[in-house]
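Peer 1: Handing you this structure, nothing more for now.
The values are calculated or read from the model by the stated rules, or taken from the named source; none is laboratory data. Computed from a predicted model, the values in this text were never measured in an experiment. Counting neighbours? That spans all protein chains shown, and the Cβs are built from the backbone with ideal geometry, glycine included. Accessible surface is based on the protein model in full, side chains and every heavy atom, while ligands, DNA and RNA are left aside. Shrake-Rupley method; radii C 1.70, N 1.55, O 1.52, S 1.80 Å.
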Amino acid sequence: MRPDPASPTQWTALLLIGAAAILLLYNTLPVALAYPRAGTTALVLFSLFALPFWWLRRRLADRLALPAAAPALGLLWGATVAVMTSLFGSRALHGLLATMWGPAWAERWSPVLAAPVVEEVVKAAGVVLVVAIAWGRVHGVLDGIVLGAFCGVGFQIVEGYAFAMSSTVVNRAGDVVEPVIAVFIVRGVLAGLWSHAVFTAIVGAGVAYAATRKTARSVWIAAGSLAGVIALHALWNSPLLRDGLGLGVLGVLAGVMIKGLPAVLIVWWLVRWAKREEAPVARSAETA
Amino acid sequence: MSRTRSLTVAIAVAAVVLAFALGIPLLNKAVSPTVDVGGETFTLQGVTLTAPAAVRMRPGYYQPESGRVEFLVGDAEVDIVVAGPYGFDAEYLADEMARLLEAQPGVHLTDPRDCAADGVQGAGRSFVTETGAGFACAFVHDDVRAEVTATGSSLDSATVDRIDALIAQLSFEAA
């Protein structure tokens with residue numbers, strides 16, 4: 001993955017990430033300056049999301065061929081292009097839904113019908129772009145899972161930070177850290193595992209499968225993984241089981257598990273399948 | 001990967017991003033024209049507001065569950081947010097609104113201003129931006145707060161009067 005001034009994919013990544021990063025800073029910096037304590041706390045807490053995935057990458061190192069720059073680029077894409085595009089796209093789709101079916105209906109169903117489509121498609125586009133940049137270096141599905149997870153975790157860090165800062169602003173109680181910690185517990189601890197990183201890891205697996213198998217069937221599998229992830233994301237955002245069926249905190253926690261666990265189990269199964277079916281990178285190099 | 005394939009992927013990815021970042025927002029603007037909501041009543045977290053004549057809005061900008069609504073009065077945008085419970089007074093809330101306004105690039109606070117909702121006195125701050133002017137009003141009644149932020153490229157006195165008339169419709173009776 002060396003810089004290549006003649007590579008259209010590298011230029012696309014550079015221009016889109018650069019433009020989105022400027023927009024992101026323009027949108028987030030004023031709030032961070034107005035609430036420095038809350039902003040620093042949110043940045044530190046939500047950046048912790050990257051640690052388990054960094055650990056995962058180290059654990060799977062002997063089966064990964066993608067250079068470290070690939071997941072780093074995926075993370076940057078998720079944190080900038082995916083976040084900003086989703087912000088504009090989801091808001092506009094919300095407006096279209098409100099025009100068609102009314103404001104109250106749109107407010108309830110936009111997170112189910114609009115946000116999952118925009119967010120998952122744009123993150124998947126980032127995975128495709130990085131795979132194209134690192135063409136020939138993708139060894140198997142595990143490379144895609146790790147790349148997708150990093151793209152998703154980049155999105156998750158910025159989204160979590162934005163939610164925490166929005167909560168601080170909405171709270172209107174000064175530069176305090178309590179709203180940030182409350183958001184971190186809900187979005188980081190309770191909902192952190194089965195969020196963007198896991199969804200995009202599934203898409204990453206599909207894209208890597210298509211990139212290594214190079215058959216029409218594998219392309220359909222990649223498209224199916226994206227469709228499946230959009231459905232899982234919509235289920236997660238849906239009001240279904242949000243009230244815990246009236247069973248209190250335990251009911252709400254059970255609802256979170258029922259809605260979030262399928263995506264985690266799919267990634268767990270994909271990792272096991274890939275470890276069983278795909279040879280370690282070093283062994284394949286020896287036999288080659 | 002060949003240059004042609006690389007170019008194809010680059011175009012496809014850029015097209016996806018631009019479709020969501022520019023295409024759909026432009027489509028939304030084209031097919032979701034502003035509508036006159038004069039005479040209509042909006043309820044935000046128990047606070048009601050009946051829009052005076054010739055107040056307009058885009059359909060997606062009324063979010064009752066989030067307690068937000070955005071109106072268009074002439075060329076000015078008027079953003080209203082209602083939430084609760086809130087344990088501070090209107091002056092503190094106005095200072096908090098000013099804190100964020102001051103951090104925005106090109107925004108400078110000018111004078112405090114009077115703000116009055118239906119039977120509730122608020123606290124206000126005026127400001128100028130690089131492209132226009134605006135003001136913020138803060139109201140706290142019992143433990144419910146309402147924030148109004150008005151911005152426009154040219155806030156002439158007629159438009160300001162119309163915005164004040166809109167704010168005067170904010171009723172905390174049912175909150």
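Peer 1: Could you rank the peptides A:263-269, A:62-68 by their average count of other C-beta atoms within 10 Å per residue, with the highest value first?
Peer 2: Going from most to least packed, we get A:62-68, A:263-269.
Peer 1: A further question on this structure: So how strong a dipole does the protein assembly as shown carry about its Cα centre when Lys and Arg Cβ are +1 and Asp and Glu Cβ are -1, to the nearest 20 debye?
Peer 2: 3020 debye
Peer 1: Determine the total buried accessible area between chain A and chain B, counting protein heavy atoms only with a 1.4 Å probe; round to the nearest 100 Å².
Peer 2: 3400 Å²
Peer 1: Whole-Hz ³J(HN,Hα) for each residue in the range A:221-238, computed from phi via Karplus 6.51 cos²θ - 1.76 cosθ + 1.60 with θ = phi - 60°, x for glycine and proline: what do you get?
Peer 2: Along the range A:221-238, the couplings run 5, 4, 5, x, 5, 5, 4, x, 5, 4, 5, 5, 5, 5, 4, 5, 7, 6 Hz.
Peer 1: Can I ask one more? Give me the base-10 log of I(q)/I(0) for the range B:20-175 at each q in 0.13, 0.17, 0.19 Å⁻¹, Debye formula, one uniform scatterer per Cα, rounded to two decimals.
Peer 2: The calculated log intensity ratios at q = 0.13, 0.17, 0.19 Å⁻¹ are -0.60, -1.01, -1.24.
Peer 1: By its C-alpha gyration tensor, with a ≥ b ≥ c as the square roots of the eigenvalues, how is the range B:58-105 shaped: rounded for a/c under 1.5, else prolate for a/b larger than b/c, else oblate?
Peer 2: Cα axes put the range B:58-105 in the oblate bin.
Peer 1: Within 10 Å of each Cβ of A:86-96, how many other protein chain Cβ atoms are there on average?
Peer 2: Per residue, the number of nearby Cβ atoms from other chains is 6 on average.
Peer 1: Another question about this same structure. Rounded to the nearest 500, what is the 222 nm mean residue ellipticity of the protein assembly as shown from helices alone, with -39500 (n - 2.57) per DSSP H run of 4+ residues and division by all residues?
Peer 2: So the calculated ellipticity at 222 nm is -19500 deg cm²/dmol.
Peer 1: While we're here: Among all the lysines, which ones have a C-alpha under 22 Å from A:LYS259's C-alpha, if same-chain residues fewer than 8 places away are not counted?
Peer 2: Within the straight-line limit of under 22 Å, A:LYS259 reaches these lysines: A:LYS123.
Peer 1: Another one. On alpha carbon coordinates alone, what is the Rg over Rh value for the protein assembly as shown, Rh being the Kirkwood radius?
Peer 2: 1.02
Peer 1: Could I ask something else about it? Can you give the mean number of other chain Cβ atoms that lie within 10 Å of the Cβ atoms in peptide B:21-27?
Peer 2: 6
Peer 1: Return the sequence-ordered ³J(HN,Hα) values of the range B:28-40 in whole Hz as given by the Karplus equation 6.51 cos²θ - 1.76 cosθ + 1.60 applied to θ = phi - 60°, using x for Gly and Pro.
Peer 2: Listing the rounded values in order: 4, 5, 6, 9, 10, x, 5, 10, 6, 10, x, x, 7 Hz.
Peer 1: For the range A:70-205, what class follows from the C-alpha gyration tensor (a ≥ b ≥ c being the square roots of its eigenvalues): rounded when a/c is under 1.5, otherwise prolate if a/b is larger than b/c, else oblate?
Peer 2: The shape class here is oblate.
Peer 1: Can you grab the distance from the C-alpha centre of the range B:49-75 to the C-alpha centre of the range B:94-137, Å, no decimals?
Peer 2: Each part reduced to its Cα centre gives a spacing of 19 Å.
Peer 1: While we're looking at this one, here's another question. Taking K and R as +1 and D and E as -1, what net charge do the other residues with C-beta under 10 Å from the C-beta of B:VAL81 add up to?
Peer 2: Once positives and negatives cancel, what remains is 0.
Peer 1: Check the protein assembly as shown for me: any Cys whose beta-carbon has no other cysteine beta-carbon within less than 4.7 Å?
Peer 2: Result for the protein assembly as shown is A:CYS151, no neighbouring Cys Cβ within the cutoff.
Peer 1: Under 5 Å between amide H atoms, partner at least 5 residues away or on a different chain: which partners does B:ARG113 have, H built in plane at 1.01 Å?
Peer 2: B:GLY124, B:ARG125, B:SER126
Peer 1: Something else about it: What ranking do B:148-161, A:238-251, A:120-133 get when scored by the average of other Cβ atoms within 10 Å per residue, highest first?
Peer 2: In descending order of packing, they fall as A:120-133, B:148-161, A:238-251.
Peer 1: For the range A:199-238, what does the alpha-carbon gyration tensor say about shape, rounded, prolate or oblate, given a ≥ b ≥ c as the root eigenvalues, a/c under 1.5 as rounded, and a/b over b/c as prolate?
Peer 2: Because a/c hits 1.5 or more and a/b fails to exceed b/c, the range A:199-238 counts as oblate.
Peer 1: Additional query: Per residue, how much accessible surface does the protein assembly as shown expose to a 1.4 Å probe? Answer in Å², no decimals.
Peer 2: Dividing the accessible area of the protein assembly as shown by its residue count gives 46 Å².
Peer 1: Something else: Which net charge results for the neighbourhood of B:VAL144, defined as the other residues with beta-carbon distances under 15 angstrom from its beta-carbon, given Lys and Arg at +1 and Asp and Glu at -1?
Peer 2: For residues surrounding B:VAL144, the net value is -3.
Peer 1: Can you tell me the order of A:111-117, A:175-181 when each peptide is scored by its average per-residue count of other Cβ atoms within 10 angstrom, highest first?
Peer 2: Result, highest mean first: A:111-117, A:175-181.
Peer 1: So, one more: Summing Lys, Arg as +1 and Asp, Glu as -1, what charge do residues with Cβ under 13 Å from the Cβ of B:ALA94 carry, B:ALA94 excluded?
Peer 2: Neighbourhood net charge equals -3.
Peer 1: B:THR48's amide H: which non-local residues (gap 5+, or another chain) put their own amide H closer than 5 Å, with H modeled 1.01 Å from N in plane and none for Pro or chain starts?
Peer 2: B:SER171, B:GLU173, B:ALA174
Peer 1: Other chains near A:4-13: what is the mean number of their Cβ atoms within 10 Å of each residue's Cβ?
Peer 2: Mean inter-chain Cβ contacts per residue within 10 Å come to 5.
Peer 1: Give me the percent of the accessible area of the protein assembly as shown that comes from carbon and sulfur atoms, probe 1.4 Å, all protein chains in place.
Peer 2: 64 percent
Peer 1: If you don't mind, another one. Quick check: Cα centre of the range A:56-117 to Cα centre of the range A:207-284, how many Å?
Peer 2: About 15 Å separates the Cα centre of the range A:56-117 from the one of the range A:207-284.
Peer 1: From the phi of every residue in the range B:59-75, what ³J(HN,Hα) in whole Hz does the Karplus formula 6.51 cos²θ - 1.76 cosθ + 1.60 yield, where θ is phi - 60° and glycine or proline is x?
Peer 2: x, x, 9, 10, 10, x, 5, 8, x, 10, 8, 10, 9, 10, 10, x, 8
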